[in-house]
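Note sheet for the following structure.
The values are calculated or read from the model by the stated rules, or taken from the named source; none is laboratory data. Bear in mind that the values here come from a model prediction, so they are computed numbers and not experimental data. Cβ sites come from the backbone with ideal geometry, for glycine too, and all protein chains shown count toward neighbours.
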Amino acid sequence: MRKFDTKVQYLKYKVLRAVARHAWKGDLLEKLIDIPKEIVPGGTPTMRCCVYKERAILAERVKIAMGGDPTNPNVIEVIDIACDECPASGYSVTDACRGCLAHRCEDVCPKEAITFDEQHKAHIDKQKCVNCGRCAQACQYSAIINRKRPCENACKIKAISMAEGGEAKIDNSKCISCGACVYQCPFGAISDKSYILNVIDMLKKSSGNEKYKVYAVVAPSVASNFTYAKLGQVISGIEKLGFFHCVEAALGADMVAYSECKELAEKGFLTSSCCPAFVDYIKKSFPKMAQHISHNLSPAATIAKYMKETDPNCKIVFIGPCTAKKMEVRLDRVRPYIDSAITFEELQALFDSRDIDITTLGESALDNASYFGRIFARSGGLADAVAEALKERGIDFDLKAVSCDGIEQCKAALLKAQVGKADGNFIEGMACVGGCIGGAGCLTHEAKNKADVDKYGRQAMEKTIKDAISVYNIGKDAE
Amino acid sequence: MMKITICIGSSCHLKGSREVVEGLQKLIARDGLKDKIELAGTFCLGKCQTGVNVLVNDERFSVSPETVEEFYSSAVLPRLK
C-alpha cells in the first residue's frame, strides 16, 4: 500500500506518528529524546553520512513536529543541518565538454563570461554570467547544464536564497507558506511546523466530547487523498480519533460563492480570497491590489464561523492539503473560528499513531455541500461556482474569470491587473498547481486527482448552491 | 419562545433535513407563528441512526420529510400552549 509520493514525506510521517503516539500515551516529555533512536535504531546509515547525523536531524524534525521554533513567525522552516547545501543555481559546464575548436558557447555569450583552460575546456565566470542559457543551447554536446537548487526552483516567488553558510534561507517578508519547497526539497530540509499536539490535547481534554465538542472541517481535496480507502472510511477514522463530527469545508465554499458573486457584481472587479497563500501574496507583493481582495473569509473559516454560532463552545480543526492554512488560522479575523489546522499527511500519522486502519472501518456520511462547493478543490472550480451562483441568484453580470493555476500564473495575472490591463474581471488565484489538490500537505500528487474531485462533486446530494446553503439560512429571512 | 433545532449534519442531511426545515418553515408561516418559534440548525446530535433529529427546546424527536406535518401538529403545536 503506497501512501506517499516520496520517502521524504514518509520520514516526516514516521516522526509525526512517533510524536503523536507518545502524546496520546502521555509520556512525550520523557521519551522525546529517544524518538530519533526509535526511528534510526543503529547500524548502517541509510540517509546521511552516519547514524549520528541522521539522529541529529531527526531531533530537529521532532521539534518541528511539536510546533517548531516559536521565535520564527513562519510555519515553514528550514532545518539547517538537514540542508545538503546543493551547488548554487545557474549554468555550468560539465565533463561532457570536449574542448572543441568551434567555441559556439563563447560566441553566443553576450557577457563574455566564457573562458577556456589549457585543455581547451570551457568555464563560466559566475560573476559575469546572467543565466541567459544561450551557451547551453549552442553546445552540440549538451555539455552545459542549468543547475537549480530544488528549493529555489520550487519557490516561484523567489523567497528562498542561499545563506552565507550555503544552506537555504527563507525570506519571511516574501514567503506565502504555500509549502512548495517543503514538497520539493529532496533532502526534506524544509518543513511545515505541525500542530498535531494541540489537536491531540484538544481531543483529550474534551473527555470524549463531553466538555466541548471537537469538530473537523474537512477540505474537499480529501477526495484525492486516502484513495486506498473509501471516503466514508476516512470520515469514520476521523471520528474514531475522537472528533465528534465532520463537516465539509465545501459547504463554506458554497456560502462563499453565493456571497462572492454579489460582491463581484457590485464592485466590478475582484480577486478571490479562498487561497490563503494567494491572499498573502497579494498583501506582500502587490499591496496596491489588496483593496480588490474579496471580503469573504475562506470557505473553511466561513463554515467554521457558522458552526461557532450554532455551538459557541465547540472546537474546530481544519483538516486539509494546505500548509498556508496554518498561517491563516492565526489571523485576527480567522482565529475566533478555527482552533487548529492540520494536513492530510498529519491526519495519516494520527490514524497510525492510534493503529487505526481505516480500510477496516465502516463508512460514515459526509454530505453537506453541493457539486460547486466541492470543486473548489481544483483550479477553475471557484470560477465555475461563482458563475453558477450568479445564475442562481439571477444577477446580471458578465463574468470574465481568469483562473490562475499555480502562483506563477497568479503573478502574471496580478502584474497585468496592477497596471489596469487585467484579462478579466475576476481573478481566481490558487497558489498550488492544480489548486488545493496540489497542496503540499497532500499524501499524493497525481494527474487523476482532478478527476477524483469532480467525481466527488457529482456525488453531492445537493445539486445547487442555493439548496446546499439553505440550511445556513435557517431562522433567517431568505434574501 | 420555542426553539426548534434541526440537525443538519451529513447523515441527517442525506435523510432529508433540508426538506424538514422547508416543511417547518412553510407550516410556521402558514400559521403565523414566526414570532413564537425560532428555527436553528446544528451539526450532529450524536444519534445518526434515528435522523432526521429535531430538538423541540431540549426534547429530541425523529422526523422525516414525510412526517413533518404530523410532527408539527402532534409535537410542536401542543407544546406551544
Could you go through segment B:48-70 and let me know if any residue there is exposed (fewer than 15 other Cβ atoms within 10 Å of the Cβ), within 12 Å of chain A (Cβ to nearest Cβ) and either among the polar types (S, T, N, Q) or within 10 Å of the chain's Cα centre (by Cα) (or both). yes
Can you run down the residue pairs with Cβ atoms below 6 Å, 6 or more apart or on separate chains, where the first is in segment A:223-239 and closer than 15 Å to A:ILE342 by Cα and the partner is part of a helix (DSSP H, G or I) and charged (D, E, K, R)? none
Test each condition in (1) more than 21 Å from B:LYS15 (Cβ to Cβ); (2) in a loop (DSSP other than H, G, I, E, B) for A:ALA460 and report the one that comes out false. (1)
So A:LEU347, is it within 24 Å of A:LYS267 (Cβ to Cβ) and of a type in the set (A, V, I, L, M, F, W, C): no
Could you pull out the residue among A:VAL279, A:VAL317 that is touching a Ser or Thr at 6+ places or on another chain (Cβ under 7 Å), of a type outside the set (S, T, N, Q) and within 23 Å of A:VAL62 (Cα to Cα)? A:VAL317
Only one of (1) over 19 Å from A:GLU309 (Cα atoms); (2) of a type in the set (Val, Ile, Thr); (3) surrounded by 20 or more Cβ atoms within 10 Å (Cβ to Cβ) fails for B:VAL21. Which number is that? (1)
Give just the number: which of (1) within 30 Å of A:ASP384 (Cα to Cα); (2) touching a His at 6+ places or on another chain (Cβ under 9 Å) does A:GLU239 not satisfy? (1)
Take segment B:8-33 and flag every residue that is of a type in the set (Val, Ile, Thr) and over 19 Å from B:SER73 (Cβ atoms). B:ILE8
Given the structure, is A:TYR258 among the hydroxyl-bearing types (Ser, Thr, Tyr), assigned by TED's automatic domain parsing to the domain that holds A:ASP355 and crowded, with 24+ Cβ neighbours inside 10 Å? yes
Which of the residues belonging to segment A:77-108 are under 41 Å from the mean Cα position of the chain (by Cα) and charged (D, E, K, R)? A:GLU77, A:ASP80, A:ASP84, A:GLU85, A:ASP95
Only one residue in A:GLU266, A:GLU260, A:GLU239 is within 30 Å of A:VAL62 (Cα to Cα), in a helix (DSSP H, G or I) and charged (D, E, K, R), so which one is that? A:GLU239
Name the helices (runs of 4 or more DSSP H) wholly within segment A:25-141 that hold at least 2 residues that are within 21 Å of A:TYR183 (Cβ to Cβ)? A:51-65
When segment A:148-166 is examined, which residues are found to be surrounded by fewer than 18 Cβ atoms within 10 Å (Cβ to Cβ) and touching an Asp or Glu at 6+ places or on another chain (Cβ under 6 Å)? A:LYS156, A:GLY166
Could you list, in sequence order, all residues of segment A:308-326 that are surrounded by fewer than 24 Cβ atoms within 10 Å (Cβ to Cβ) and part of a helix (DSSP H, G or I)? A:LYS308, A:GLU309, A:THR310
Members of segment A:244-276 found to be closer than 24 Å to A:GLN459 by Cα and either within 14 Å of chain B (Cβ to nearest Cβ) or of a type in the set (Lys, Arg) (or both), listed by number: A:PHE244, A:HIS245, A:CYS246, A:VAL247, A:GLU248, A:ALA249, A:ALA250, A:LEU251, A:GLY252, A:ASP254, A:MET255
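Yes or no, residue by residue, for (1) in a helix (DSSP H, G or I); (2) more than 23 Å from A:LEU251 (Cβ to Cβ); (3) at the interface with chain A (Cβ under 10 Å from one of its Cβ atoms); (4) without any contact (Cβ under 8 Å) to a residue 24 or more places away in the chain:
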position	(1), (2), (3), (4)
B:VAL21	yes, no, yes, yes
B:LEU24	yes, no, yes, no
B:CYS44	no, no, yes, no
B:SER74	yes, yes, no, yes
B:ARG79	yes, yes, no, no
Where B:ALA29 falls short, out of the listed (1) surrounded by 13 or more Cβ atoms within 10 Å (Cβ to Cβ); (2) at pLDDT below 95: (1)
When segment B:48-59 is checked residue by residue, the ones that are touching a residue at least 24 places away in the same chain (Cβ under 8 Å) and either of a type outside the set (A, V, I, L, M) or closer than 19 Å to A:SER236 by Cβ (or both) are B:CYS48, B:GLY51, B:ASN53, B:ASN57
